[in-house]
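Peer 1: Quick one: this structure, given as structure tokens, is what I'll be asking you about.
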Amino acid sequence: MYPHKITSVTTELNRHDLLGAIKVRLGIGRNDYRVSPGLYALGSPNDASPVLVTANYKLTFDSLRKELTGQSLWILVLDTKGVNVWCAAGKGTFGTAELIRRVYETKLHQAVSHRKLILPQLGAPGVAAHEVMKSTGFKVVYGPIKAADIPAFLENNMQATKQMRQVEFTLSDRIAVIPVEFNYVFKLLPALFAFFFVFNLIAPGGFNLTQVLFQSVVNLIPYIIAFALGTIGIAILLPYIPFRSFALKGALLGIVWALIFSQHHHVFMFPESNLIITANFLILTAITSFFALNFTGSTTYTSISGVQKETLYSIPVMGAAVLLGLIFLIIFKVRLFIG
Amino acid sequence: MGLVYLKNVVTLEMDSDKCTGCKTCTFVCPHNVFSIDNKKAHISKKEACMECGACAKNCPTSAIQVQSGVG
């Protein structure tokens, strides 16, 4: 007889769940969106029902249970500190030790008569299946990558097709990871605005505050576009931009916009000066390239060795471009005063 | 998936002598890097490796090595 109180979960996501998902996709409160670890009953499981293991990030938990309508099974939720399966596996929190701990803490041996644990395949970087077997007697079976494939997997005697074992990075996947990057806007825009404001303020013969404020806001526009290209642009156009390196893909996108900007720089209220045009060209390109490089952290296929390599090459180049741009801006200003 | 990353960078290595042919690496790899040939696994798509570490973590004989970091 199973001695613990069992919490039941449904397979329906309500408005609260859906709104919560949108919030965390935007990066709001995503470090504090979790469910309690432990054993949950979905449907009417008995001692022969399968056990699915997952992480305690609520987005993960909801993404899993919504695919399981009509099923009766157990869900074993690990304490991954509110982090999703794949990231937690990389960190080790969706790991061997936590899985063993949770099996014993929930007295799982008494809840089920079989000895199989179905883990998401992307939990594998953190879990040594053979060690779990040794410590608990439970055999780890790696299920499909996507929760949506679980019903078919269970139906097929726990056999996964080759397709179920491959991770993708489709357009939908890429779009889903864009919103969280908007958080950079809240840091980048005020900093840029402050810079333009101070730069535009410093002029021989005084200034008009309203004019300077307005000009500084308009100056931001090409930079917002550069940022958008390095986030939204790179995500959507990823397979179509040449080069394997993200910094290079970003530089290419950045240069295209920088060229367009250079033809129309007066629209954005920059002074008529080749020094200013060149400075903007350099800094705009560097910004798009930087955010494109940053996007490597959101992909499903970039290796850390590769990211390290391209970071080592590209960051100094971006830094030099920005530095050169700043030098040109200073020279421009100095010339204004010298006459 | 047509997306590929940089060439000749990944730290993935395998000692075939230690391989027992359990096929676990083929079950856990999300990019189909391994294939089974003559009852042993070998690295057939090294370029597709993202160094997630799932293979090395689950190889019961430690035949596979990779520097996976924190993903």
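Coordinate-derived values only; no laboratory data. What you see is a predicted model, and the numbers here were worked out from it, not measured in a lab. FYI the Cβ positions are ideal-geometry reconstructions off the backbone, even for glycines, and counts take in every protein chain you see.
Peer 1: So what are the ³J(HN,Hα) numbers for segment A:17-32, from phi and the Karplus equation (6.51, -1.76, 1.60; θ = phi - 60°), rounded to whole Hz, Gly and Pro as x?
Peer 2: 5, 5, 5, x, 5, 4, 4, 6, 5, 7, x, 7, x, 6, 8, 9
Peer 1: What percentages, rounded to whole numbers, describe P(r) for segment A:254-339 computed over all alpha carbon pairs with 5 Å bin width beginning at zero?
Peer 2: Calculated P(r), rounded to whole percents: 3, 14, 19, 19, 15, 11, 8, 6, 3, 1, 0.
Peer 1: Follow-up question, since we're still on this one. In segment A:1-129, what % of DSSP beta bridges are antiparallel (nearest 5)? Working shown, then result.
Peer 2: On the way: 6 of 15 bridges.
Percent antiparallel among DSSP bridges in segment A:1-129 is about 40.
Peer 1: List, in order, the whole-Hz ³J(HN,Hα) value for each residue of segment A:241-249 obtained from phi through the Karplus relation with A = 6.51, B = -1.76, C = 1.60 and θ = phi - 60°; use x for Gly and Pro.
Peer 2: So the Karplus estimates, Gly and Pro as x, are 8, x, 6, 8, 6, 6, 4, 6, 4 Hz.
Peer 1: Percent of alpha carbon pairs in chain A separated by more than 26 Å? The partial results should precede the final answer.
Peer 2: Details: 33582 of 57291 pairs.
So the portion of pairs separated by more than 26 Å is 59 percent.
Peer 1: Could you work out the equivalent-ellipsoid semi-axes for chain B, taking the square root of 5 times each eigenvalue of the Cα gyration tensor, largest first, in whole Å? Intermediate results must be reported in sequence, preceding the final value.
Peer 2: Numbers: eigenvalues 73, 36, 22 Å².
The equivalent ellipsoid of chain B has semi-axes of 19, 13, 11 Å.
Peer 1: Hey, another quick one. Taking the Cα of B:Glu13, stepping 7 Å toward and past its beta carbon, and measuring to each backbone N in segment B:48-71: which are under 20 Å?
Peer 2: Residues B:48-70 fall inside that zone.
Peer 1: Identify unpaired cysteines across the protein assembly as shown, taking unpaired to mean no other cysteine Cβ lies under 4.7 Å from the residue's Cβ.
Peer 2: A:Cys87, B:Cys19, B:Cys22, B:Cys29, B:Cys49, B:Cys52, B:Cys59
Peer 1: In µm²/s, what is D for segment A:111-233 at 4 °C and 1.567 mPa s, where D = kT/(6 pi eta Rh) by Stokes-Einstein and Rh is the Kirkwood radius from Cα pairs? Present the calculation step by step, with values, prior to reporting the outcome.
Peer 2: On the way: Rh = 19.6 Å.
The diffusion coefficient I find is 66 µm²/s.
Peer 1: Additional query: If you take the alpha carbon radius of gyration of segment A:1-158 and divide it by 2.2 N^0.38 Å, what ratio comes out, to two decimals? If you can, show how the numbers build up before the last one.
Peer 2: Working: Rg = 14.7 Å, N = 158, 2.2 N^0.38 = 15.1 Å.
The reported ratio for this selection is 0.97.
Peer 1: Explain nothing, just compute: Karplus ³J(HN,Hα) = 6.51 cos²θ - 1.76 cosθ + 1.60, θ = phi - 60°, for every residue of segment A:212-228 in order, whole Hz, x for Gly and Pro.
Peer 2: After applying 6.51 cos²θ - 1.76 cosθ + 1.60, I find 5, 4, 4, 4, 5, 5, 5, 4, 5, 4, x, 6, 5, 5, 4, 5, 4 Hz.
Peer 1: Taking the DSSP beta bridges in chain A as the whole, what percent of them are antiparallel, to the nearest 5?
Peer 2: Values: 6 of 19 bridges.
Bridges in chain A that DSSP calls antiparallel: roughly 30 percent.
Peer 1: On to the next question. Restrict the search to segment A:67-124; then list the trypsin sites (Lys or Arg not before Pro) that DSSP places in a loop and that have at most 16 other Cβ atoms within 10 Å of their Cβ.
Peer 2: Details: sites: A:Lys81, A:Lys91, A:Arg101, A:Arg102, A:Lys107, A:Arg115, A:Lys116; in loops: A:Lys81, A:Lys107, A:Arg115.
Within segment A:67-124, the qualifying trypsin sites (Lys or Arg not before Pro) (loop, at most 16 other Cβ atoms within 10 Å) are A:Lys81, A:Lys107, A:Arg115.
Peer 1: Gain in length, A:Thr311 to A:Ile175, computed as 0.36 nm per residue apart minus the alpha-carbon separation, to one decimal in nm? It would help to have the intermediate numbers written out before the result.
Peer 2: On the way: separation 136, 0.36 × 136 = 48.96 nm, distance 2.35 nm.
So the extension gain works out to 46.6 nm.
Peer 1: Computed FRET efficiency, Cβ-Cβ of A:Gln166 and A:Lys5, R0 45 Å: what is it to the nearest 0.05? Before the final figure, lay out the partial values.
Peer 2: Working: r = 39 Å, r/R0 = 0.88.
That gives a FRET efficiency of 0.70.
Peer 1: Taking the Cα centre of each part, how many Å lie between segment A:119-181 and segment A:260-319?
Peer 2: 36
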